[in-house]
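Visitor: Got a structure for you, written out below as structure tokens; questions coming shortly.
A short reminder: the numbers here are calculations on the coordinates, not readings from a lab. Just so we're clear, the structure is a prediction, and the values are computed from it rather than from any experiment. We place every Cβ from the backbone using ideal geometry, glycine too, and count neighbours over all the protein chains shown.
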Amino acid sequence: MKLEYQSLCAIINEQNHNYYNLSNPTMTDSQYDQFYDRLLEIERQYPEFITSDSPTQKVGSININLISVVHKIPLLSLEKAQKEQELRQFLNKFKGCYFSITPKLDGLSIKDIYDKGQKQLSVTRGNGESGEDITGSLNYVKSSPKKIKYNGYLEVRGEAIIPINKFNEIQGDYKTPRNLVSGTIQAKDGSLSEKRGVEILYYDVVICDKKFNNEVESLEFLKDNGFPVVDYIVTNDIENIIQYCINYDRSKLNYEIDGLVIKVTDFDAREKAGSTSHHPKWGIAWKFKSLECETTLKDITWQVGRTGVITPVFILDEVLIGDVSVSKCTGHNLDFLGNFKLNDKIIIKRSNDVIPYAIPQPEKRNGNEFDIQIPECCPVCGSNTEINLPFLYCTNEKCNSRVIESIIHFAKRNCMNIENLGDVVAEELVNRKLINDISDIYILTKKDLLKLPLFASKKSNNLLEAINSSKNCTFNKLIYALGISNIGKNGAKLLANRYKNMENLINASINELLEINDIGEITANSVVEFFKNEENLDIIKRLKEYGINMEIKENKEEKKVKITNNIFSGRKAYATGTFANWKKDEIKSLLESFGCEFASGYAKSLDFLIEGSLKSSSKVDKAKKDGIKIITENEFLSLIGS
Ligand SMILES: [Zn+2]
């Protein structure tokens, strides 16, 4: 047992590491899940095995002391169908009946128990016979109601999920949203569930004193009691159901699903159909085909990113996967590339809207394959390359491609938000030697910009203005914009909140960084390395000289303003005059955070004009004439409750 445990730890840690350093999918998600679940099982049985090296002991470690709870009624799982014929067979058995179709959520299956209108307990489904008490975590989940109208006894099933956009923000060591949600809910720290945006969607009444005739009645009952319920449709048209299942497009959903659930809705018919010891006979799970396809690896090109990493890109014989045509995909890094040869027959796989990835099939080689040559010179600047496994690097800090990529990143909307500084402009600026690094953006002149193609006076002014207002960008956005490896939007926020200003951040130590929840060793190292680099420090020094904000502004932008009566949402406003408490840009971002449109200038179509208390302007008189509501700075202060 101990041996199995140790090898599981090693396998999962390796997989996490590969994934973290830009994914090396030698294992499918379901294989990974199996290993992880098995590891948890062993740890619960033999807590003495657990070492600090266990994958469960890292970020948001799993609470192995969760109490096991036996389900009053076993929570069965549905039989699966993947072929049209299997689905048709099932449907034909219930000809004439109505069926419900719901998405089969790919998260953590849970059950909530209520009595006398109060939640008593939340439990995982576990193996169907018993699960673990997760009340502590679910108490932090808003969509799991603590109180309900209904006063009798009630057990209700749902699925805990983390939306894909949230997952992309957090991710960390977790490979899929499913891993993340189960790691989060079973973590020692219950409040992680709230922080990471866990949501529950309910889909089944297990036990209830109230009797229902059919599923729709029971789901409406749940809705009426404040439970968020999965989307469902009801029909008795068998051909329609089959077409719906086959053609279902999951790419637009913001949560992962791995199929659809089809159930007979009528409860009498369900009772008549009965169950086996494993599955009810009145429902079936339609499992989606994984989207994959075989093709040939024709060629490799190389792309230089902003950190100097040169990434191989696979050029493929074009194939259709789902309805998307795929002609290239990433080769990730040198370790990953080592599994491939030119002319290889490979599998390309897409799951949900994840980018396509390649899986090698060395067993299919016939001798017509060639080894892939690793370039000795950077494809962009011609400097020597350097291998630091698993990556290939361009050794030239000033490589054009690196500089261009770092500028594009810096200017992005969720970084410094410099409108009109996109890829084309960045490329022109660097290639014409008008800028050499991100700090040079702030010494661009109108004369410089007028040299660019399609830049006339107005466009140049607009860009200069956008550059100027980016100086007041929040500290966390600046951190993200600097492009520190492994620091995403979320990591940047954590750093900003912990360190408050640039000077503190520059002096951060590994140990200090590791104390921050959600920051692991790899990330901590990247931060320290970044600020050790003289060149980076130099750029930061210049940014500071040019007046870029390098601290958290307490009480204003960083502090979340709680607004009780949001009169601004969906309206249009503008600010005029000089303010005692804010710069205009700060008012702009405040208002935008309330869902208010901040106009680019005075207009008759405004809903509000906010007037500075230090100095007013003639626009206020105009606004009075135009019937626009004027809000003084003091009124504004009290409206936003600060
Ligand atoms: Zn280069």
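Visitor: So in the chain, which Cys have no other cysteine's beta-carbon sitting under 4.7 angstrom from theirs?
Guide: For the chain, the answer is Cys9, Cys97, Cys208, Cys245, Cys293, Cys329, Cys377, Cys415, Cys473, Cys596, because their Cβ atoms have no other cysteine Cβ under 4.7 Å.
Visitor: Given the -39500 (n - 2.57) contribution per DSSP H run of 4+ residues, what per-residue ellipticity at 222 nm results for the chain, rounded to the nearest 500 deg cm²/dmol?
Guide: Working: 24 runs with 218 residues, N = 642.
Only helices count here, giving -9500 deg cm²/dmol.
Visitor: Remind me, relative contact order of the range 271-430 in percent, using alpha carbon pairs under 8 angstrom and six or more residues apart? Walk me through the numbers on the way to the answer.
Guide: On the way: 281 pairs, mean separation 31.4, N = 160.
Relative contact order here is 20 percent.
Visitor: Roughly how many nanometres apart are two label points built 7 Å out from the Cα toward the Cβ at Asn388 and Glu239?
Guide: Placing both labels 7 Å beyond Cα along the Cβ direction yields 6.4 nm.
Visitor: Kindly state, to the nearest 0.05, the FRET efficiency for Val206 paired with Lys287, given R0 = 25 Å and r defined as their beta-carbon distance. Don't skip to the answer; put the middle values down first.
Guide: Values: r = 23 Å, r/R0 = 0.93.
That pair, Val206 with Lys287, gives E of 0.60.
Visitor: For Ser613 and Asp317, compute 0.36 nm times the residue count separating them, minus their Cα-Cα distance, and round to one decimal in nm. Each step should come with its number before you reach the end.
Guide: Details: separation 296, 0.36 × 296 = 106.56 nm, distance 6.55 nm.
So the chain would gain 100.0 nm between Ser613 and Asp317.
Visitor: Shifting gears a bit: Pick out, from Ser638, Thr102, Gly331, the residue whose Cα sits farthest towards the positive end of the charge dipole of the chain, with +1 on the Cβ of Lys and Arg and -1 on the Cβ of Asp and Glu.
Guide: Projecting each Cα onto the dipole axis, the largest value belongs to Ser638.
Visitor: Among rounded, prolate and oblate, which fits the range 118-270 when a ≥ b ≥ c are the square roots of the eigenvalues of its C-alpha gyration tensor, a/c under 1.5 means rounded, and a/b larger than b/c means prolate? Mind showing how you got there, number by number?
Guide: On the way: a/c = 2.11, a/b = 1.17, b/c = 1.80.
Taking the square roots of the gyration eigenvalues as a ≥ b ≥ c, the range 118-270 is oblate.
Visitor: In addition: Just to be sure I understand: if I project the alpha-carbon convex hull of the range 400-472 onto a plane and average over all orientations, what area do I get in nm²? Can you show the working numbers first?
Guide: Details: hull surface 16.6 nm².
Averaging across all directions leaves 4.2 nm² for the Cα convex hull.
Visitor: Sticking with this one: I want to make sure I understand the PRE zone here: with the label point 7 angstrom from the Cα of Leu450 toward its beta carbon, which residues in the range 421-444 have backbone N atoms less than 19 Å away?
Guide: Under 19 Å, as judged by backbone N against the label point of Leu450, lie 429, 432-435, 443-444 of the range 421-444.
Visitor: Note down the nm distance, to one decimal, between modelled labels 7 Å out along Cα→Cβ at Glu635 and at Ser605.
Guide: 2.3 nm
Visitor: Sticking with this structure for a sec: Excluding Gly197 itself, what net charge comes from residues whose Cβ is under 12 Å from its Cβ, given Lys and Arg +1 and Asp and Glu -1? Walk me through the numbers on the way to the answer.
Guide: Details: positive: Lys142, Lys166, Lys195, Arg196; negative: Glu169, Glu194, Glu199.
With Lys, Arg at +1 and Asp, Glu at -1, the net is +1.
Visitor: Sticking with this one: So, counting K/R as plus one and D/E as minus one, what does the shell of residues with Cβ under 14 Å around Glu386 add up to?
Guide: Working: positive: Arg402; negative: Glu376, Glu397.
Local charge sum for Glu386: -1.
Visitor: Which lysines have a Cα lying under 19 Å from the Cα of Lys625, excluding residues fewer than 8 positions away in the same chain?
Guide: Partners within reach: Lys572, Lys604.
Visitor: A follow-up question, please. Report, in listed order, any pair from Lys433/Lys471; Lys447/Lys544; Lys553/Lys622 with a Cα-Cα distance greater than 27 Å. If you can, show how the numbers build up before the last one.
Guide: Values: Lys433/Lys471 23 Å; Lys447/Lys544 24 Å; Lys553/Lys622 33 Å.
Over 27 Å Cα-Cα: Lys553/Lys622.
Visitor: Can you check how the C-alpha radius of gyration of the chain compares to 2.2 N^0.38 Å, as a plain ratio? Intermediate results must be reported in sequence, preceding the final value.
Guide: Working: Rg = 28.6 Å, N = 642, 2.2 N^0.38 = 25.7 Å.
My calculation over the Cα atoms of the chain gives 1.12.
Visitor: Test of understanding: what is the full-extension gain from Met1 to Gln82, defined as 0.36 nm times their sequence separation minus their Cα-Cα distance?
Guide: In short, 25.6 nm is gained.
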